[in-house]
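Trainee: Sending over a structure as structure tokens; questions will come in a sec.
The values are calculated or read from the model by the stated rules, or taken from the named source; none is laboratory data. All values derive from a computational prediction rather than experimental measurement. Cβ sites come from the backbone with ideal geometry, for glycine too, and all protein chains shown count toward neighbours. Heads up: the accessible areas ignore ligands, DNA and RNA and are worked out on the full protein's heavy atoms, side chains in. Shrake-Rupley method; radii C 1.70, N 1.55, O 1.52, S 1.80 Å.
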Amino acid sequence: MAGVKLFATDLDGTLLRSDRTVSPRIAAALRSAAESGIEVVWATARARHSVHEFAAMCGFRGIALCANGAVVIDLADGTPVIRSTVGLDPAAGVAAVDAVRRAVPGTVFAAVGPTTFVAEPGYAALCVFSDHHREPESMVLADERFPALTEDVVKIVARHPEVESVDLYRAAADAGLDLAVTHSGAPYVEMAARGVSKAAALAALCGERGIDAVDVAAAGDARNDLEMLAWAGTAVVPENAIAEVRAIADRIVPSNDDDGVAIYLEELTRTDRT
């Protein structure tokens, strides 16, 4: 553990508790890691605005890989500054929506940009605030069905009023889409440009810093964390993770509600200080 130079962590199900709070112990562990010279990076499916809210809870001032790596933000001064984005091709997005709608009739969609969110009325009707940290009644709605796509859309989210999101994910993954399809355990499926993943964004960031994968530890609990965990030198997995994630763990820690990430970081910083 003493060789870890960068620690990347998922938020929901990993760093955050189930009530979507950052515990005091987690906040203290993040600060101690930074003070010990370990760079902490957040890697999440969430959008810029909700990441900003969580960062404000605990004083996080690092880099966050948002939208599963499609948007990279810097919170160094407490305000989220967008460093880079990877938009999806509008034609590929429309084709993907059509294919998923054919595969699973009744699926509804929303288009997500670095700072925007435009939903079909049927999508908004299924939402609660915690899904996207947006009040459903405040969502910008497409006139009828899927909104016109622009170059700055970074992902498409899809859900169904009756089909479980994991089953919708499997159907979308099997539909031969020209997009990257993933699932975070949320009640929706996410589709982004080919090549977009937490792993790709983290590898690019580490390349900028001259940090090798062997010197990186990453934590995550869901399907959209698999590539990142496989890439990092150390895969840290909370015991509440799905089976596929637990299967590739180098270290299983207590659950997100038991501050497993904090426990790992406390061990790491104690090692670094000795």
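Trainee: Restrict the check to segment 238-257 and report whether at least one residue is touching a residue at least 40 places away in the same chain (Cβ under 8 Å), part of a helix (DSSP H, G or I) and open to solvent by less than 50 Å² (accessible area, probe 1.4 Å).
Mentor: Looking through segment 238-257, at least one residue is touching a residue at least 40 places away in the same chain (Cβ under 8 Å), part of a helix (DSSP H, G or I) and open to solvent by less than 50 Å² (accessible area, probe 1.4 Å).
Trainee: Every residue in segment 45-73 that is free of Cβ contacts under 8 Å to residues at least 60 places away in the same chain, open to solvent by less than 10 Å² (accessible area, probe 1.4 Å) and under 15 Å from Leu16 (Cβ atoms), please.
Mentor: Val51, Phe54, Ala55, Ala64, Cys66
Trainee: Looking at (1) under 22 Å from Val237 (Cβ atoms); (2) part of a strand (DSSP E or B); (3) modelled with pLDDT under 95, which one does Ala110 not meet, given that it meets all the others?
Mentor: Ala110 satisfies all of (1) under 22 Å from Val237 (Cβ atoms); (2) part of a strand (DSSP E or B); (3) modelled with pLDDT under 95 except (1).
Trainee: Looking at segment 187-201, which of its residues are farther than 13 Å from Val86 by Cβ and either open to solvent by 10 Å² or more (accessible area, probe 1.4 Å) or in a helix (DSSP H, G or I) (or both)?
Mentor: Pro187, Tyr188, Ala199
Trainee: Follow-up. How many of the residues making up segment 202-236 are under 17 Å from Arg46 (Cα atoms), part of a helix (DSSP H, G or I), open to solvent by less than 40 Å² (accessible area, probe 1.4 Å) and aliphatic (A, V, I, L, M)?
Mentor: Adding up the residues that qualify gives 2.
Trainee: Return yes or no: is Val166 over 15 Å from Ala99 (Cβ atoms) and open to solvent by 30 Å² or more (accessible area, probe 1.4 Å)?
Mentor: Yes.
Trainee: Among the residues that make up segment 206-225, is at least one of them touching a strand residue (DSSP E or B) at 6+ places or on another chain (Cβ under 7 Å), polar (S, T, N, Q), modelled with pLDDT of 95 or more and over 28 Å from Lys155 (Cα atoms)?
Mentor: Looking through segment 206-225, none of the residues is touching a strand residue (DSSP E or B) at 6+ places or on another chain (Cβ under 7 Å), polar (S, T, N, Q), modelled with pLDDT of 95 or more and over 28 Å from Lys155 (Cα atoms).
Trainee: For Ala95, are the conditions met, namely being closer than 20 Å to Arg134 by Cβ and part of a helix (DSSP H, G or I)?
Mentor: No.
Trainee: Inspect all residues belonging to segment 170-184 and state whether any of them is under 14 Å from Asn68 (Cα atoms), among the small types (Gly, Ala, Ser) and at pLDDT 95 or above.
Mentor: Within segment 170-184 (the criterion being under 14 Å from Asn68 (Cα atoms), among the small types (Gly, Ala, Ser) and at pLDDT 95 or above), the answer is yes, since at least one residue qualifies.
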